[in-house]
1. Among TYR197, TYR168, TYR179, which is the only one that is open to solvent by 20 Å² or more (accessible area, probe 1.4 Å), of a type in the set (Phe, Trp, Tyr) and not in a strand (DSSP E or B)?
2. In this structure, is VAL215 in a strand (DSSP E or B) and surrounded by 15 or more Cβ atoms within 10 Å (Cβ to Cβ)?
3. May I ask you to list the residues in the stretch 125-142 that are under 35 Å from the mean Cα position of the chain (by Cα) and surrounded by 13 or more Cβ atoms within 10 Å (Cβ to Cβ)?
4. From the list THR145, THR154, THR206, pick out the single residue that is assigned to a loop (DSSP other than H, G, I, E, B) and surrounded by fewer than 13 Cβ atoms within 10 Å (Cβ to Cβ).
5. Can you name every residue in the stretch 193-222 that is in contact with a strand residue (DSSP E or B) (Cβ under 9 Å, 6 or more places away or on another chain) and either within 20 Å of THR145 (Cα to Cα) or among the aliphatic types (A, V, I, L, M) (or both)?
6. In the stretch 218-238, how many residues are within 18 Å of CYS117 (Cβ to Cβ) and open to solvent by less than 10 Å² (accessible area, probe 1.4 Å)?
Amino acid sequence: KKKKKHDLARGVFSLYQTQTASDTRYVNATGDTMSGTLNVNGGNLYLAPDDAAAHRYMFLNTGASQDGHIVLQRGLANKYQVTALQDNSYSIYSYPAGGEVFNIDGSGYVTIPNQPCFHAKGLGNSASGYGSSGGNQVLVFNGTTINNGNHYSTSNGRFTAPCSGFFYFSFSLLYDDSYNNNGSAKLRKNGSNIGEYGYVQGDANTYIQVSASAVVSMSSGDYVDVHSSPAGWHVASETSFTGFMIG
């Protein structure tokens with residue numbers, strides 16, 4: 001008498017069963033909770049990519065050697081981000097370009113290494129004595145102590161926004177004591193006055209310090225500079241321009 005063949009493709013046998021909650025050998029699809037540590041692939045747990053070529057999700061617990069280290073990664077086209085948590089420090093890295101872009105350490109200090117900021121001082125404008133000799137011109141601060149991202153140009157005096165956001169700017173100008181012109185220096189965005197300016201009334205006997213500041217909403221590619229109407233601004237390092245991204 002021949003034995004009957006069991007056609008698995010037709011589902012004669014069920015390959016998967018839902019076990020009772022008391023059976024700890026199995027984890028049910030629904031209704032179960034777990035305690036303790038789940039070790040997969042030697043301590044690593046991966047969520048497989050739904051599209052290995054472009055779209056990937058991953059969770060990684062690297063175990064005791066890097067206790068608490070979690071990595072989340074998502075990639076779409078050429079855009080990636082990786083988040084790591086370790087030793088009470090939380091970081092976000094850019095990928096594939098690499099490098100940390102955001103960190104909160106165990107003390108709560110936040111660092112953003114790529115945050116655009118600059119401090120420039122001294123004027124490259126033509127001068128007579130120690131004062132700028134021309135009026136109605138952009139003041140070009142030609143020395144930088146900080147220029148994170150190189151978004152400020154010492155050639156044309158412009159800070160160009162690398163992305164959209166809010167930015168803070170300020171300038172401090174020393175008027176040379178050998179000039180007696182009257183007028184102002186203004187913050188400008190894309191060649192138009194922002195409305196913040198420092199006014200000077202020279203007397204050819206006294207140094208005068210003026211300053212102004214503003215928060216400016218900028219789109220990527222917008223620029224801010226300082227424009228002067230009178231001649232006579234001190235060209236040495238007592239004259240400065242600074243700015244940074246707020247968010």
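The values are calculated or read from the model by the stated rules, or taken from the named source; none is laboratory data. This one's a predicted model, so the numbers in the text were calculated from it and none came from an experiment. Note that we place each Cβ from the backbone using ideal geometry, even for glycine, and neighbour counts take in every protein chain shown. Each accessible area value is taken on the protein alone, full model and side chains, heavy atoms only, with ligands, DNA and RNA left out. Shrake-Rupley method; radii C 1.70, N 1.55, O 1.52, S 1.80 Å.
1. Working: TYR197 fails: not in a strand (DSSP E or B); TYR168 fails: not in a strand (DSSP E or B).
Only one candidate passes the filter, namely TYR179.
2. Details: in a strand (DSSP E or B): yes; surrounded by 15 or more Cβ atoms within 10 Å (Cβ to Cβ): no.
So VAL215 fails the test.
3. Matches in the stretch 125-142: ASN125, GLN137, VAL138, LEU139, VAL140, PHE141, ASN142.
4. Details: THR145 fails: assigned to a loop (DSSP other than H, G, I, E, B); THR154 fails: surrounded by fewer than 13 Cβ atoms within 10 Å (Cβ to Cβ).
None of the other options fit; the residue is THR206.
5. ILE194, VAL200, ILE208, VAL210, SER211, ALA212, SER213, ALA214, VAL215, VAL216, MET218
6. 4
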